[in-house]
1. Across region 3-41, what is the number of residues that are of a type in the set (S, T, Y) and open to solvent by 70 Å² or more (accessible area, probe 1.4 Å)?
2. If I filter region 159-181 down to residues being at pLDDT below 95 and open to solvent by less than 30 Å² (accessible area, probe 1.4 Å), which single residue comes out as nearest to the chain's Cα centre (by Cα)?
3. Scan region 17-53 for residues that are small (G, A, S) and touching a residue at least 12 places away in the same chain (Cβ under 8 Å) and jot them down.
4. Is there any pair linking a residue in region 223-236 that is of a type in the set (A, V, I, L, M, F, W, C) to one that is outside any helix (DSSP H, G or I) and surrounded by 12 or more Cβ atoms within 10 Å (Cβ to Cβ), with Cβ under 6 Å and at least six apart or on different chains, and which?
5. What do you reckon, is A214 modelled with pLDDT under 90 and more than 30 Å from H166 (Cβ to Cβ)?
6. For the list (1) in a helix (DSSP H, G or I); (2) out of contact with any Ser or Thr (no Cβ under 9 Å at 6 or more places or on another chain); (3) open to solvent by 30 Å² or more (accessible area, probe 1.4 Å), I need the number of the one condition that N117 fails.
7. In region 100-111, is there at least one residue being within 25 Å of D36 (Cβ to Cβ), of a type in the set (D, E, K, R) and in a helix (DSSP H, G or I)?
8. Name the residue, out of R91, R65, that is within 14 Å of L48 (Cβ to Cβ) and without any contact (Cβ under 8 Å) to a residue 40 or more places away in the chain.
Amino acid sequence: MSEEGSARERALAATGDELAVLLHHASADVLLALLDNPAMEETQLCLLLERKNLPSEILEEVARRKPLLKSYRVKRALAFHPRTPYLISLRLLRDLYLMDLVQVAIVPGVSAELKRNAEDQLLARLPQLPLGQKITLARRGPARVAGALLAEGHEQVVSIVLDNPHMTEAQILRALSREKPANSMIPAIVHHHKWSITYNVRLALVRHPSAPLATILSYLPELTVSDLRELAAPGMVPKSLRKYLQAEVQRRMRAGQKAASENAPAKEPPASNRE
């Protein structure tokens with residue numbers, strides 16, 4: 001019998017330390033034999049699934065064996081393995097706990113398609129989640145989930161989700177594009193140490209009918225003239241705000257003209273006067 005054949009025979013009946021050594025064997029046939037070993041328990045199987053170089057046929061075989069997937073640890077290890085075929089991982093996402101779905105969505109090395117699907121699963125569960133889990137997601141969830149929580153506008157969640165390290169400007173702008181935001185959202189953004197000083201967020205707040213006038217007026221001196229003119233166009237903002245925008249444009253124009261005249265070189269007097 002060949003050396004590999006001998007190792008396969010041992011794998012079918014190995015226990016204890018010998019079984020532990022065989023978990024690191026290079027041969028796929030030996031590893032497949034381990035799956036038929038009655039001494040192979042959840043702990044050993046999870047150790048096997050920790051191998052990043054595990055042949056894909058082993059992962060596929062584990063996924064085919066429904067009794068093995070009764071263990072959540074095995075299911076999780078299989079879902080997170082970088083070599084697990086996409087369709088298998090996709091199927092397993094449905095059974096993952098909330099924070100494991102978050103991990104799929106944010107850890108490096110997971111395909112973009114799988115991350116997107118994990119986010120979709122989280123978004124689908126969002127309406128049924130209790131407040132405590134929403135707060136946890138607000139702290140650690142991926143950007144799309146953070147944006148959805150911001151749009152929901154729960155008072156205890158909004159201030160937390162704005163500090164989420166995965167939150168993006170795009171998600172803030174998407175939430176501000178809603179015509180009827182939750183009452184707590186805009187004040188939270190206006191007073192946030194990061195988002196309140198982000199140019200595009202300020203621009204979106206100026207456009208928003210629910211933003212406080214005092215806040216909007218404080219932003220106007222920092223907006224570009226081209227943006228002020230665009231905002232002052234008919235239909236962009238309420239008429240009551242347009243006059244402030246137009247006044248700011250006029251102020252800038254006068255300031256620019258004054259600066260230009262002060263910096264212009266003085267004209268020399270005519271030659272006859274010099275004589």
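1. 1
2. A175
3. The answer is A20, S27, A28, A33, A39.
4. L231/V237
5. So A214 fails the test.
6. The one condition N117 does not meet is (2).
7. no
8. So the residue among R91, R65 that is within 14 Å of L48 (Cβ to Cβ) and without any contact (Cβ under 8 Å) to a residue 40 or more places away in the chain is R65.
The values are calculated or read from the model by the stated rules, or taken from the named source; none is laboratory data. Computed from a prediction, not measured in an experiment: that's the story for all the values here. Don't worry about glycine lacking a Cβ; one is built from the backbone with ideal geometry, like all the others, and counts go over all protein chains shown. Just so you know, the surface numbers come from the protein's heavy atoms only, side chains and all, with ligands and any DNA or RNA stripped out. Shrake-Rupley method; radii C 1.70, N 1.55, O 1.52, S 1.80 Å.
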